[in-house]
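A.B. asks: The structure that follows is given in the form of C-alpha coordinates.
The values are calculated or read from the model by the stated rules, or taken from the named source; none is laboratory data. Please read these numbers as outputs of a predicted model, since none were measured by experiment. Please note: Cβ atoms are built from the backbone with ideal geometry, for glycine as well, and neighbour counts cover all protein chains shown.
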Amino acid sequence: MKKFLMVMAAGMLLVGCGTADTEPAEETEQAGGATETEEVVEVEETGYLTADEFKERAHEGKTYSSYAAELLLWGSAQEIRYIDTIDTEKEEYGAYKVDIIQVEDGFVAVAFDGEELTGTWLFDTVDEVKEEIELKSAE
(Lines give C-alpha, C1' and ligand atoms only; values in the text may rest on other atoms or scores of the structure.)
Protein backbone atom coordinates (compact mmCIF):
# COMPACT_ATOMS: atom_id res chain seq x y z
CA MET A 1 0.00 0.00 0.00
CA LYS A 2 2.85 2.38 0.84
CA LYS A 3 4.44 1.79 -2.59
CA PHE A 4 1.12 2.47 -4.28
CA LEU A 5 0.77 5.83 -2.49
CA MET A 6 4.36 6.79 -3.42
CA VAL A 7 3.73 5.98 -7.08
CA MET A 8 0.46 7.97 -7.04
CA ALA A 9 2.16 10.98 -5.42
CA ALA A 10 4.99 10.90 -7.97
CA GLY A 11 2.46 10.61 -10.80
CA MET A 12 0.45 13.56 -9.52
CA LEU A 13 3.63 15.60 -9.18
CA LEU A 14 4.65 14.82 -12.75
CA VAL A 15 1.19 15.63 -14.08
CA GLY A 16 1.20 18.91 -12.17
CA CYS A 17 4.59 19.88 -13.59
CA GLY A 18 3.56 18.96 -17.12
CA THR A 19 0.43 21.13 -17.16
CA ALA A 20 2.30 24.27 -16.13
CA ASP A 21 4.07 24.32 -19.51
CA THR A 22 0.91 23.86 -21.56
CA GLU A 23 -1.11 26.73 -20.07
CA PRO A 24 -1.31 29.83 -22.31
CA ALA A 25 0.67 32.84 -21.16
CA GLU A 26 -1.37 35.81 -20.07
CA GLU A 27 -0.73 39.20 -21.62
CA THR A 28 -1.51 42.06 -19.28
CA GLU A 29 -2.12 45.61 -20.44
CA GLN A 30 0.31 48.21 -19.17
CA ALA A 31 0.05 51.99 -19.19
CA GLY A 32 0.20 53.23 -22.77
CA GLY A 33 -1.51 50.13 -24.19
CA ALA A 34 1.65 47.99 -24.57
CA THR A 35 1.53 44.37 -23.49
CA GLU A 36 4.29 42.66 -21.53
CA THR A 37 5.35 40.65 -24.58
CA GLU A 38 5.78 43.81 -26.64
CA GLU A 39 7.99 45.28 -23.94
CA VAL A 40 10.21 42.17 -23.93
CA VAL A 41 10.73 42.50 -27.69
CA GLU A 42 11.73 46.13 -27.26
CA VAL A 43 14.33 45.20 -24.65
CA GLU A 44 15.80 42.56 -26.99
CA GLU A 45 16.08 45.05 -29.86
CA THR A 46 18.06 47.56 -27.79
CA GLY A 47 20.37 44.93 -26.27
CA TYR A 48 23.12 45.48 -28.87
CA LEU A 49 26.30 47.36 -28.11
CA THR A 50 26.62 50.88 -29.47
CA ALA A 51 29.17 51.49 -32.21
CA ASP A 52 31.52 53.24 -29.77
CA GLU A 53 31.32 50.37 -27.25
CA PHE A 54 32.01 47.86 -30.01
CA LYS A 55 34.95 49.89 -31.37
CA GLU A 56 36.46 50.05 -27.87
CA ARG A 57 36.31 46.26 -27.62
CA ALA A 58 37.45 45.63 -31.22
CA HIS A 59 40.16 48.25 -31.49
CA GLU A 60 42.80 48.56 -34.20
CA GLY A 61 45.83 46.38 -33.44
CA LYS A 62 43.88 43.74 -31.50
CA THR A 63 44.87 40.19 -32.44
CA TYR A 64 42.51 38.43 -34.80
CA SER A 65 42.31 35.26 -32.66
CA SER A 66 41.22 37.29 -29.63
CA TYR A 67 38.70 39.24 -31.72
CA ALA A 68 37.25 36.05 -33.25
CA ALA A 69 36.78 34.40 -29.84
CA GLU A 70 35.16 37.51 -28.38
CA LEU A 71 32.96 37.91 -31.47
CA LEU A 72 31.47 34.47 -30.77
CA LEU A 73 30.82 35.43 -27.16
CA TRP A 74 29.25 38.78 -28.07
CA GLY A 75 27.05 37.08 -30.65
CA SER A 76 25.87 34.37 -28.25
CA ALA A 77 25.12 37.06 -25.64
CA GLN A 78 23.17 38.94 -28.36
CA GLU A 79 25.29 42.05 -27.90
CA ILE A 80 26.03 42.15 -31.65
CA ARG A 81 24.89 40.37 -34.80
CA TYR A 82 27.41 39.07 -37.32
CA ILE A 83 26.15 39.78 -40.85
CA ASP A 84 28.86 38.83 -43.39
CA THR A 85 32.56 38.74 -44.27
CA ILE A 86 33.66 40.34 -47.53
CA ASP A 87 36.95 39.76 -49.35
CA THR A 88 38.76 42.95 -50.32
CA GLU A 89 42.03 44.32 -51.67
CA LYS A 90 44.75 44.59 -49.02
CA GLU A 91 45.87 48.01 -50.29
CA GLU A 92 42.49 49.64 -49.77
CA TYR A 93 41.69 48.69 -46.19
CA GLY A 94 44.98 47.28 -44.93
CA ALA A 95 43.20 43.95 -44.81
CA TYR A 96 42.19 40.92 -46.81
CA LYS A 97 38.69 40.72 -45.33
CA VAL A 98 36.06 42.95 -43.74
CA ASP A 99 33.47 41.69 -41.24
CA ILE A 100 30.10 43.42 -41.18
CA ILE A 101 28.71 43.58 -37.63
CA GLN A 102 25.30 44.97 -36.66
CA VAL A 103 25.33 47.17 -33.56
CA GLU A 104 22.63 49.32 -31.96
CA ASP A 105 23.23 52.41 -34.08
CA GLY A 106 24.26 50.95 -37.43
CA PHE A 107 26.73 48.53 -38.97
CA VAL A 108 30.45 48.41 -38.19
CA ALA A 109 32.91 47.23 -40.82
CA VAL A 110 35.90 45.54 -39.16
CA ALA A 111 38.96 45.07 -41.38
CA PHE A 112 41.53 42.38 -40.54
CA ASP A 113 44.52 40.78 -42.21
CA GLY A 114 44.41 37.40 -40.45
CA GLU A 115 46.81 38.48 -37.71
CA GLU A 116 45.28 41.67 -36.33
CA LEU A 117 42.47 44.17 -36.78
CA THR A 118 43.44 47.03 -39.09
CA GLY A 119 40.44 49.37 -38.71
CA THR A 120 36.75 49.90 -37.99
CA TRP A 121 34.19 52.12 -39.76
CA LEU A 122 30.52 52.87 -39.02
CA PHE A 123 27.80 52.74 -41.73
CA ASP A 124 24.02 53.13 -41.65
CA THR A 125 23.19 50.07 -43.80
CA VAL A 126 24.79 46.86 -45.03
CA ASP A 127 24.38 48.08 -48.61
CA GLU A 128 26.51 51.16 -47.81
CA VAL A 129 29.31 48.92 -46.54
CA LYS A 130 29.18 46.69 -49.62
CA GLU A 131 29.01 49.67 -52.01
CA GLU A 132 31.99 51.34 -50.31
CA ILE A 133 34.09 48.19 -50.56
CA GLU A 134 33.09 47.61 -54.20
CA LEU A 135 33.95 51.23 -55.07
CA LYS A 136 37.35 50.96 -53.43
CA SER A 137 38.04 47.63 -55.16
CA ALA A 138 37.03 49.00 -58.58
CA GLU A 139 39.36 52.04 -58.36
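A.B. asks: If you check Val108, Val129, Val103, which single one turns out to be surrounded by 13 or more Cβ atoms within 10 Å (Cβ to Cβ), modelled with pLDDT under 90 and under 20 Å from the mean Cα position of the chain (by Cα)?
C.D. replies: Answer to the selection: Val129.
A.B. asks: Just give me the residues in the stretch 57-116 being farther than 17 Å from Glu128 by Cβ and of a type in the set (Lys, Arg), in sequence order.
C.D. replies: Residues satisfying the conditions are Arg57, Lys62, Lys90, Lys97.
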